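Working notes, structure below.
The values are calculated or read from the model by the stated rules, or taken from the named source; none is laboratory data. Quantities reported herein were computed from a predicted structural model and do not represent experimental measurements. Note that we place each Cβ from the backbone using ideal geometry, even for glycine, and neighbour counts take in every protein chain shown. When the accessible area is computed, the model is the full protein with side chains, heavy atoms only, and any ligands, DNA or RNA have been set aside. Shrake-Rupley method; radii C 1.70, N 1.55, O 1.52, S 1.80 Å.
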Amino acid sequence: MAKPIMNIDDVKLQPRAAAFTAPGELAKKFDANMGFISPLIGALKMGYNLTSVPPGKRAFPHHFHRVNEEMFFILEGTGELRYGEDTFSVKKGDIIACPPGGPETAHQIMNTGTTDMKYLAVSTKISPEIAGYPDSDKFAVSADLGVDADGKPQMFRFVGRKDQSLNYWDGE
């Protein structure tokens, strides 16, 4: 088993995987480096990561979770939390609760400061999950499918819009 303790200063920040790196013009709005803590300390039902967001950027689009709950603890910097239709200033020491729900719990943190903003993100890891993206009218369904024969994690993810749905009997 992994050692169940880790100092935040020992978390190594890495660029996001290619699938989660904003392409082209979107890179002007979205960027973050992340350090995944959970697997290093043996967490099973909670996800922990350290996220560092450059000035003027956001880590993720405005989104909500139907299943999982998130909490953010601002470690460094200043920014704004967009929550539902409201916007709140955030700073070092602030704790943010994002329970599961619909568009009224959609959230996004933006770094409005002049230095990197760092926060600890904590989330439940219930699978499957459905997320919604109010700005683009998209949804995502994802599921953790365990590991393959070689121990490699397997995930299912589908991103779409309601009007892309097929009829239940399509192709039968």
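Summary of values
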read-out	value
Quotient of C-alpha Rg and 2.2 N^0.38 Å, computed over the chain	1.10
The chain - percent of accessible surface contributed by carbon and sulfur, probe 1.4 Å	57 percent
Probe 1.4 Å, protein heavy atoms only - accessible area per residue of the chain in square angstrom	64 Å²
Residue among 114, 141, 100 farthest towards the positive dipole end of region 85-155, charges placed on Cβ	114
Student exercise, region 39-163 dipole from Lys, Arg, Asp, Glu Cβ charges, in Debye to nearest 20	160 debye
Between region 91-165 and region 47-76, the Cα center-to-center distance that results, in Å	8 Å
Listed residue pairs exceeding 24 Å between alpha carbons, taken from 45/152; 91/125; 118/162	91/125; 118/162
Residue-level accessible surface for residue 155, protein heavy atoms, 1.4 Å, Å²	110 Å²
FRET efficiency, residue 8 to residue 165 (Cβ-Cβ, R0 41 Å, nearest 0.05)	0.45
Inter-label distance for residue 136 and residue 85, nm, one decimal - labels placed 7 Å from Cα along Cα-to-Cβ	2.4 nm
Selection from 130, 32, 159, by position along the positive dipole direction of the chain (Cβ)	32
